[in-house]
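Q: The structure follows.
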Amino acid sequence: MTITASRPLTRDRAAGRPRRRRARWPLAALLAVLSLLTVAPFLAMFVVALSPAGQPTLPAQWPDSLTLDNLSKVLSASGFVKWTVNSLLYSVVSVVVILLTASMAGYAFAKKRFPGRDAMFWTFLATMMVPFQATLIPTFVLVNSLEGVDTFWGLIVPTLANSQAVFLMRQFIMGLPDELFDAAKVDGASELRVYLTIVVPLTKPIMATLGVFVFLWHWNDFLWPLVVGQSDATRTLTVGLTTLRTEEMQLSMLMASATISVIPCLLVFFLLQRYLVNSIAMTGFK
Amino acid sequence: MRHRMRDPVTGLLFVLPVLVLFLIFRIFPSLGAAGMSLTNWNIGGEWSFVGADNYARLLDDVNFWLSLRVTLVYAAIYVPLTVLVALGTALLLNQVVFMRGLFRGMLFLPYVTSFVLAGIVWRWIYEFDGLINGLIGKMGLGPVAFLEEASLVLPALAVVSVWKGFGYSMLILLAGLKSIPGSYLEAATVDGAGPWQKFRRITLPLLKPTLFFVLIIETIGAFQVFDTIYVMTGGGPARATYTLIYGIYDHGFRSFDFGYAATWGVVLFAIVLVVSLIQRRFLDRGNT
């Protein structure tokens, strides 16, 4: 990585200042247009979702009035509510279990010595190279043979093996000073106590970040829930949405369903945007 | 230090839950994919060993070669487009101070939603009586059959994925841009370098490692596109969007030909691995 400059660089700040003052408003205007274009599909979705049923709406014309009827109608459909509950279960259980298991494993990989530690860790990392879709069939056959298809455990448990989470926790805990753990040991603290009183409190920021990502991954997940959740009993919201067709229901109802499905994502976005943005920039987490 | 050597059991105990999950649901299926690809496993769980028959069938399967081409064409459209959009918006965000946080949030918003939602909304946007045709219809143009025309459908799908995902790469590139010392650019300004020269000679070389990271991540992502295809086209029209992953799903969960579907999975893994190794090698060389 080298900087190639045809002329030697000088550092005359005073001379540089007038040029930096050049107006940036055309760039700001361009950015504003791009930002509006990016959110336009959401705005259009909201407008259609809030349009009275059977009346003209986008793209033909703006609706004359807006109503919450579609939203309440969607929320009173039993299938839709069940899918939402399933999605919440799928996401929340996964967040809790992954945070717990990944922080425990991350702690052990970072601060403990035990036989096979490094081999194990590298094996975990190697599984990141295998796309989930490549193992979709054997994973399904395995869950099927354990009679887990169309059950909650069959939906959730296979997604709990998350190498990104273990990796992130290990990297973070490695940065904590050894002395903390040694001091606790000298004081006679048990392993469980060290985990609960040192690891958990000190990893709170990274656990919060990880929790947000795991929630979004599961809330938005599709392929695994599609193949394993075969009835309304275990079907998640993403899968349920794909069973809704405009041939059978009005567009405004479809968009109302889509709108409700995106509310948790929007909540996470508005409450934790700064957090998400910083953690992507720092860790490259996807 | 000594207590760490003394007590190998607790370390193992802490790793145990993750270890068990990984052995059963990641490592066993990874090996199982290779094993199943050598069988004619079906929905009833009956199977017999068929050697390399599935691989021979794959090489003879016109649909496989078609899906490989579809996947590569899609990646060739999606990857440059998303990197360009991400780089462009990151550069703009780096320059503009006015309401920067708001714009960044708006551009990043689609990233937190699902591909299924993106597919549902954009299916309507592309429809005959949808948003785009409604708008261009008022100008007396169209209608355009975005999702029914074989030549338009892959670019149309790529646009949806770019819209949904560019915010991620934008943030990574923005972080890369922020790490470039301002004094370099100021010094170049003093020397009379124009905006393009500064970008070409300073920003781009210093941003290279970040760009490479984004390129690799987005390429892997391109090979994994499925949700929008399932929602918007179902692999059509005339298999114009029949990607490798769609092939795995189709053979596995429409024909229940698990042995053959597993073979597609193994080949997908091999292709993703080869592509990322080639990229890494190529990029490492460019980086030193």
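What follows draws every value from the coordinates through simple rules; no lab data is involved. Just so it is clear, the model here is predicted, and its values are computed rather than measured. Ideal geometry is used to build each Cβ from the backbone, glycine not excepted, and the neighbour counts take in all protein chains shown.
Q: Compute the label zone of A:Asp64 within the stretch A:226-256: residues whose backbone N is under 13 Å from the point 7 Å along Cα-to-Cβ.
A: none
Q: A further question follows. Which residue, B:Val272, B:Val20, B:Val121, has the most motion in a Gaussian network model of chain B that connects Cα atoms within less than 10 Å?
A: Result: B:Val20 has the largest fluctuation of those listed.
Q: Something else about it: Relative to 2.2 N^0.38 Å, what does the C-alpha radius of gyration of the stretch A:71-283 come to as a ratio? Two decimals please.
A: Normalised Rg, Cα atoms only: 1.19.
Q: How big is the dipole moment of the stretch B:52-287 about its Cα centre under a simple scheme where the beta carbon of each Lys and Arg is +1, that of each Asp and Glu is -1, and everything else is neutral? Debye, nearest 20, please.
A: 860
Q: Along its principal axes, what span do the Cα atoms of the protein assembly as shown show, with the longest given first and each in whole Å?
A: Its Cα atoms span 67, 65, 51 Å along the three principal axes.
Q: Further question: Average partner chain C-beta neighbours within 10 Å, per residue of A:35-43?
A: 6
Q: Here's another thing I want to ask about it. Which Cα, out of A:Ser145, A:Pro177, A:Ala134, lies furthest along the positive dipole direction of the stretch A:100-198 (beta carbon charges, K/R +1, D/E -1)?
A: Checked the options; the winner is A:Pro177.
Q: With an 8 Å cut-off on Cα pairs and a minimum separation of 6 or more residues, tell me the relative contact order of the stretch A:50-190 in percent.
A: 28
Q: Now for a different question. Arranged from highest to lowest average of other beta-carbon atoms within 10 Å per residue, in what order do the peptides A:130-136, A:29-35 appear?
A: A:130-136, A:29-35
Q: Would you mind giving the mean number of other chain beta-carbons within 10 Å of the Cβ of each residue in A:274-281, as a whole number?
A: Averaged over the peptide's residues, the number is 5.
Q: Right, something else. Just tell me, in residue order, which DSSP H segments of chain B are both 15 angstrom or longer along the helix axis (alpha-carbon based) and at least 1.6 in mean Kyte-Doolittle hydropathy.
A: B:8-22, B:204-223
Q: Let me ask something else. Give the separation of the Cα centroids, the stretch B:208-261 to the stretch A:221-286, in Å.
A: Taking the Cα centre of each part, the stretch B:208-261 and the stretch A:221-286 sit 19 Å apart.
Q: Relative to the present Cα-Cα distance, how much length would full extension add between A:Arg193 and A:Thr243 at 0.36 nm per residue of separation?
A: Extra length available between A:Arg193 and A:Thr243 comes to 13.2 nm.
Q: Taking only DSSP H segments of four or more residues, each worth -39500 (n - 2.57), what value at 222 nm results for chain B once the sum is divided by all its residues, to the nearest 500 deg cm²/dmol?
A: Taking each H run of at least 4 residues, the total per residue is -23000 deg cm²/dmol.
Q: Let me ask something else about it. For chain B, modelled as a GNM with alpha-carbon contacts under 10 angstrom, which of B:Thr113, B:Thr219, B:Thr228 fluctuates the most?
A: In this elastic network of chain B, the residue with the biggest mean-square fluctuation among B:Thr113, B:Thr219, B:Thr228 is B:Thr113.
Q: Further question on the same structure: From largest to smallest, what semi-axes in whole angstrom does the stretch A:172-272 give when each is the square root of 5 times an eigenvalue of its alpha carbon gyration tensor?
A: On the way: eigenvalues 404, 48, 16 Å².
Three semi-axes, in Å: 45, 15, 9.
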